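In what follows, a single structure is set out as structure tokens and then discussed.
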């Protein structure tokens, strides 16, 4: 487990490493090509499970910065394989021993989070890079059993309108409004039994970041200002990363959270 330059966390903890999303802008895969075998095979490292116990100061810990723990694939362990459920059981055991830490999970497949009941010292988020991915992933994030839910709009590769999320697939053409995500009103339900958009399911935080690395696409000013204004109108705190080069420093935290100074 290492200290990190990621502004919204203190440490990165990688009991898992690897991903098969094959995103062209992936910084993890670039690192793996440089220091690993370049395959970025999803792999479980049980020898790293106890690392958070060594940190006594309450800290924010990003779990799996070099992986997507909730991707739809199997995991390698030594010469064999292991299930995600077993990996999560091991991670939960560690988290139970560290109630003073905050553990942050981030995925492109929030549906994979839905079978777990996260304790209060966890934050769960999904990455969205444009409107299509926001429509696909945010409704699934809102079904995750976690007190603190957030969206990471990074890398910002296109505009997003968080006030008009189109539910994917079987849910279309239903829409949800950002105020409903923050618990102000219920705008849509999937059916009479599934209370997806009740006020206890809402966003607590929005992170905004730019693409980095070779050939990085610089986000348009209107994309960033639009997301900031939408979140602000719904009283959702916003954290704009330094790589956006925004003209003013905006680094807000979920309610009741202090900064990483």
Please go through the range 40-64 and give me each residue that is in contact with a strand residue (DSSP E or B) (Cβ under 8 Å, 6 or more places away or on another chain), in a loop (DSSP other than H, G, I, E, B) and surrounded by fewer than 21 Cβ atoms within 10 Å (Cβ to Cβ), ordered by number. 41, 45, 55, 58, 59
What are the residue pairs meeting all of these: first residue in the range 219-230, first residue touching a residue at least 40 places away in the same chain (Cβ under 8 Å), second residue surrounded by 16 or more Cβ atoms within 10 Å (Cβ to Cβ) and assigned to a helix (DSSP H, G or I), Cβ atoms under 9 Å, and 6 or more apart or on different chains? 219/244; 224/244; 230/178
Check off (1) surrounded by 13 or more Cβ atoms within 10 Å (Cβ to Cβ); (2) in a loop (DSSP other than H, G, I, E, B); (3) at pLDDT 90 or above for residue 248 and give me the number that stays unchecked. (1)
Looking for whichever is farther than 30 Å from residue 222 by Cβ and without any contact (Cβ under 8 Å) to a residue 60 or more places away in the chain here; the options are 146, 90. Which one fits? 146
Quick one: how many residues across the range 119-138 are assigned to a loop (DSSP other than H, G, I, E, B) and under 14 Å from the mean Cα position of the chain (by Cα)? 2
Go over the candidates 96, 140 one by one and state the one that is farther than 22 Å from residue 255 by Cα and not assigned by TED's automatic domain parsing to the domain that holds residue 66. 140
Subset of the range 104-123 [crowded, with 23+ Cβ neighbours inside 10 Å and in contact with a helix residue (DSSP H, G or I) (Cβ under 6 Å, 6 or more places away or on another chain)]: 110
Check on residue 131, farther than 22 Å from residue 67 by Cα and either modelled with pLDDT of 90 or more or crowded, with 17+ Cβ neighbours inside 10 Å (or both): yes
Of the residues that sit in the range 11-39 and are surrounded by 19 or more Cβ atoms within 10 Å (Cβ to Cβ) and in a loop (DSSP other than H, G, I, E, B), which one is modelled with the lowest pLDDT? 19
Exactly one condition in (1) within 30 Å of residue 231 (Cα to Cα); (2) not in a helix (DSSP H, G or I) is not met by residue 98; state its number. (1)
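The values are calculated or read from the model by the stated rules, or taken from the named source; none is laboratory data. The structure displayed is predicted, hence computed values, not measured ones. Here Cβ is always computed from backbone atoms with ideal geometry, including for glycine, and neighbour counts include all displayed protein chains.
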